1. What tally of residues in the stretch 106-157 results from selecting those that are free of Cβ contacts under 8 Å to residues at least 24 places away in the same chain and either crowded, with 20+ Cβ neighbours inside 10 Å or not acidic (Asp, Glu) (or both)?
2. Out of HIS272, HIS293, which single residue is surrounded by fewer than 17 Cβ atoms within 10 Å (Cβ to Cβ) and assigned to a helix (DSSP H, G or I)?
3. Cβ-Cβ below 7 Å, separation at least six or inter-chain, first residue in the stretch 258-272 and of a type in the set (S, T, N, Q), second not in a loop (DSSP other than H, G, I, E, B): which pairs?
4. For residues that are of a type outside the set (A, V, I, L, M) and either modelled with pLDDT of 85 or more or crowded, with 22+ Cβ neighbours inside 10 Å (or both), scanning just the stretch 158-168, find the one that is nearest to MET288 (Cα to Cα).
5. For the stretch 169-200, give me each residue that is assigned to a loop (DSSP other than H, G, I, E, B), under 24 Å from LYS136 (Cα atoms) and at pLDDT 90 or above.
6. How many of the residues in the stretch 173-217 are among the β-branched types (Val, Ile, Thr) and crowded, with 18+ Cβ neighbours inside 10 Å?
Amino acid sequence: MSVFQRGDGRWCAKVKDETHRPHRWVQRTFKTRQEAEQYEDEWKADSREASRLTVAEAVTLYLKHVPHGPVTEAKYIWMVCGAKESQVKAKQKIGYAECIADKYVDALTRRDLEMVRDCARDGGASNASINMWTAKLNAAFRWCASEEYIPRNPWDTFRQLKATHGSRQGTLEQLQAMFPHLPAWLQWAAKTAMALCLRPGLVELFRLKWSAFDFTHGAVTVFMGKVGRAKTVFPIAEYMAEARERFRLDGENKGLYVCRGSRGQTVYGYHHSWRKAAQKAGVEPFPMYGLRHIAASAMIAAGADIAAVAANLGHSSPQITLQAYAHALPSAQKAASRALGAAWCGKELPEPAKSGS
């Protein structure tokens with residue numbers, strides 16, 4: 001955009017019309033410089049207004065560019081648009097974020113967040129459910145910010161509500177009992193979730209492509225939709241060797257998904273197969289998300305550096321890892337004490353005797 005004076009003495013304002021594709025330049029002339037500058041300022045204001053995204057537009061963009069399963073898409077649409085009386089119960093007709101659907105994302109405040117929470121409470125949602133719904137909005141906002149559709153996520157600094165969750169941990173023993181009963185495609189998905197410390201959803205695990213693998217350096221780079229950034233993991237050699245062979249069988253097609261269904265199809269749901277395996281194994285079922293916790297606990301218990309574990313998990317700070325996995329620290333502390341004793345005495349110390357022996 002620019003203002004300049006022509007040879008005939010008139011002032012010209014030249015602006016770019018970004019509403020057309022390809023962009024085109026619009027030029028108007030005025031008697032005075034003041035009129036030309038006023039026109040330019042008004043055009044800039046209109047352009048900024050036209051480029052701002054409402055909550056509904058941000059969610060639509062997110063769903064368009066980031067693949068989701070049909071159930072998840074339906075949840076997003078209901079959240080910002082509500083639903084027809086014939087589709088859901090009357091008390092669930094109004095979407096939790098429908099009250100802010102027409103507001104600009106860059107203008108959202110804490111008050112808007114509380115409006116969404118209050119609407120969810122009126123619908124009978126628990127704190128855990130409210131956190132889940134607001135996390136979905138946050139994921140859309142973070143993606144829009146990462147793609148520079150909006151300057152920043154306005155809700156990034158707000159904490160979630162305190163909520164009690166059911167057990168999401170699981171144990172290595174439960175996984176070992178379940179593993180033989182998992183279908184082959186889900187066994188590979190479980191291995192991948194463990195090796196890369198992934199969240200087993202439709203963004204991280206089941207949308208992971210071969211293009212994320214660097215077999216030369218033994219590294220995998222994963223985009224984490226929950227926090228809107230990427231992490232790089234260096235898995236064990238055995239996993240990378242199996243991944244390399246599967247990549248070869250896929251014709252070295254980097255666009256294919258790493259974890260697919262029994263017939264090579266895109267995975268949209270795995271919960272039924274997961275629960276069925278737990279039932280066959282006779283163990284208490286735990287969410288597949290527990291694989292991430294099992295991997296983290298095993299690394300910490302083995303004495304791995306907390307900063308390295310945090311990097312594998314994709315945590316922004318080792319402090320977050322310490323708070324989440326304090327239960328795994330005692331065994332690691334014992335291992336560290338034995339190492340200190342060995343250094344002090346100049347020799348390896350014997351393992352501590354088990355209780356009752």
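The values are calculated or read from the model by the stated rules, or taken from the named source; none is laboratory data. Only a predicted model underlies this, so the values are computations on that prediction, with no experimental measurement involved. Note: ideal-geometry Cβ built from the backbone for every residue, glycine included; neighbour counts use all protein chains shown.
1. Summing the residues that are free of Cβ contacts under 8 Å to residues at least 24 places away in the same chain and either crowded, with 20+ Cβ neighbours inside 10 Å or not acidic (Asp, Glu) (or both) in the stretch 106-157 gives 8.
2. Testing whether each residue is surrounded by fewer than 17 Cβ atoms within 10 Å (Cβ to Cβ) and assigned to a helix (DSSP H, G or I) leaves just HIS272.
3. SER262/TRP185; THR266/TYR257
4. So, considering only residues that are of a type outside the set (A, V, I, L, M) and either modelled with pLDDT of 85 or more or crowded, with 22+ Cβ neighbours inside 10 Å (or both), the one nearest to MET288 (Cα to Cα) is GLN160.
5. Residues satisfying the conditions are CYS197, LEU198.
6. So the count comes out to 2.
Per-residue answers, yes or no, for (1) modelled with pLDDT of 95 or more; (2) under 17 Å from the mean Cα position of the chain (by Cα); (3) not aliphatic (A, V, I, L, M):
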| residue | (1), (2), (3) |
| --- | --- |
| VAL222 | no, yes, no |
| LYS226 | no, yes, yes |
| PRO235 | no, no, yes |
| ARG248 | yes, no, yes |
| GLY255 | no, no, yes |
| GLN265 | no, no, yes |
| ALA295 | no, no, no |
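To keep it simple, each residue is scored yes or no on (1) of a type in the set (D, E, K, R); (2) under 30 Å from TYR270 (Cβ atoms); (3) modelled with pLDDT under 80.
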| residue | (1), (2), (3) |
| --- | --- |
| GLY9 | no, no, no |
| VAL15 | no, no, yes |
| GLU18 | yes, no, yes |
| PHE30 | no, no, no |
| GLU57 | yes, no, no |
| LEU61 | no, yes, no |
| GLY69 | no, yes, yes |
